[in-house]
Amino acid sequence: MTAKETLYRVPVRPWRWVPWLVVSQGLVVLAWWVLGWAWGLPLLLASHALFVVPVFLPNSRFYAPVVSRVAGADVWLTIDDGPSDDTLAVLDLLDRYQAKATFFMVGERAQARPALVHEVLRRGHGIGNHSRSHPQARFWALGPAAMAAQIQGCQQALCELAGSPPRWYRSVVGMTNPFVAAALKRHGLTRVGWSARGFDGVACQPQDVVRRIAADLRPGAIVLLHEGSAHGHNLAIIEGVLEQLQARGLQARLPRASA
């Protein structure tokens, strides 16, 4: 099996969870009928949890395949939520450390700053789909039409700006509900998770974030970073991670199959 075949994991059966849902609810009804509500109610709640919990687990494969690590000795830096006021400074940092990254962009933000998208690509970095408008509070609950519109809207925007469609996708806050896989299959997208995270998208102290990420820095790691956060520490955090990579002799490169 080639690197390309193992790295690109476009969903093949996006509705594979439906039979499991039907069977599980049928078994709950049967248990309720035979054993009564004392057994039926706990089993009902447990069966629902089996389908709800994976929505909030960034690396869960329950609803869609996901890449959470890469093969080889390199580290994959991924930077979410741009383009932003930080983008040019982030690019300068990456150049200084001879590092490459994939920028998971929000479609509406990319359309508002096309020059930044072009600059990211000109400097040899990658881009990925991170939804059309980044509806953070309700992304997990989007229905099939709204989810498809979020993914398609970003895909169209980035394709028009870059000249070719992105091949990578990251869910908003990593949440992946039952309707994500169908849209990914339609656009040939591979979902990307992470293996090193410092929670830099919310109010934080840079040294704490870098320390949390550094604990998981090793060959094959996928690092989750952000740009443009309101706390204003993203540049310091990214530089701290780049320093950690340099100190450990690790290189930040794009996955080989993306070349």
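With a simple spin-label model that places each label point 7 Å from the Cα along the Cα-to-Cβ direction, the separation between Q207 and L35 comes to 5.3 nm. The angle between the Cα long axis of helix 17-35 and the longest principal axis of the Cα atoms of the chain comes to about 40 degrees, rounded to the nearest 10.
Couplings 3J(HN,Hα) for segment 83-97, derived from phi with the Karplus relation 6.51 cos²θ - 1.76 cosθ + 1.60 (θ = phi - 60°), are x, 8, 5, 7, 4, 5, 5, 4, 4, 5, 4, 4, 4, 4, 9 Hz, where x marks Gly and Pro.
Note: the chain, Cα convex hull, 139 Å³ per residue. Ranking V120, V10, F56 by how far each Cα lies toward the positive end of the dipole of segment 1-153 (charges on Cβ) leaves V10 at the top.
Taking a point 7 angstrom from the Cα of A89 along the C-beta vector, which residues in segment 203-240 have backbone N less than 14 Å away? Residues 206, 226-240 qualify, since their backbone N sits under 14 Å from the label point.
Against the chain, whose longest principal axis comes from its Cα atoms, helix 144-162 is set at around 20 degrees.
In a simple Cβ point-charge model (Lys, Arg +1; Asp, Glu -1; nothing else charged), segment 113-259 has a dipole of about 480 debye relative to its Cα centre. For the chain, the solvent-accessible area with a 1.4 angstrom probe is 48 square angstrom per residue.
If the chain linking V23 and H118 were pulled fully straight, counting 0.36 nm for each residue of separation and taking away their Cα-Cα distance, it would gain 29.3 nm. Charges were assigned to the Cβ only: +1 to each Lys and Arg, -1 to each Asp and Glu. The resulting dipole of the chain about its Cα centre is roughly 900 debye. Projecting the Cα atoms of L44, Q156, P166 onto the charge dipole of the chain, computed from C-beta unit charges around the Cα centre, puts L44 farthest toward the positive end. Going by amide H atoms built from the backbone, whose H comes under 5 Å of the H on A252, apart from near neighbours? It is V75, K100, by chain and number. With a 1.4 Å probe rolled over the protein heavy atoms of all chains, the accessible area of H233, H226, H48 falls in the order H48, H233, H226, largest first.
Of G82, A203, G72, which is farthest along the charge dipole of the chain in the positive direction, counting Lys and Arg as +1 and Asp and Glu as -1 at C-beta? About the Cα centre, the residue reaching furthest to the positive side is G72.
Applying the criteria of a DSSP loop state and at most 16 other Cβ atoms within 10 Å to the GluC sites (Glu not before Pro) of segment 186-259 yields no site. Taking 0.36 nm per residue of sequence separation and removing the Cα-Cα distance, the Q136/E160 pair yields an extension gain of 6.2 nm.
Placing a pseudo-label 7 Å from each Cα along the Cα-to-Cβ vector at A247 and W15 gives an inter-label distance of 5.2 nm.
Put simply, segment 110-259 fits an ellipsoid with semi-axes of 27, 18, 16 Å; these come from the alpha carbon gyration tensor as the roots of five times its eigenvalues, largest first. On a 0 to 90° scale, report how tilted helix 234-248 is relative to the longest principal axis of the chain, with both axes built from alpha carbons and the result rounded to the nearest 10. Helix 234-248 and the main axis of the chain meet at about 80 degrees.
Carbon-plus-sulfur accessible fraction, the chain (probe radius 1.4 Å, protein heavy atoms only): 60%.
Figure legend: label point modelled 7 angstrom from the Cα of A71 along Cα→Cβ; residues of segment 227-259 with amide N under 18 Å from it are 253-259. Here the dipole of segment 200-258 is about 320 debye; that uses its Cα centre as origin and unit charges on the Cβ of Lys and Arg (positive) and Asp and Glu (negative). Per-residue surface analysis assigns R191 an accessible area of about 10 Å², computed on protein heavy atoms at 1.4 Å probe radius. Here H187 sits with roughly 50 square angstrom of accessible surface, probe radius 1.4 Å.
The values are calculated or read from the model by the stated rules, or taken from the named source; none is laboratory data. It should be emphasised that the depicted structure is a prediction, and the values quoted were computed from it without experimental measurement. Counting neighbours? That spans all protein chains shown, and the Cβs are built from the backbone with ideal geometry, glycine included. The protein model used for the area step is the full one, side chains on, heavy atoms only, and it has no ligands, DNA or RNA in it. Shrake-Rupley method; radii C 1.70, N 1.55, O 1.52, S 1.80 Å.
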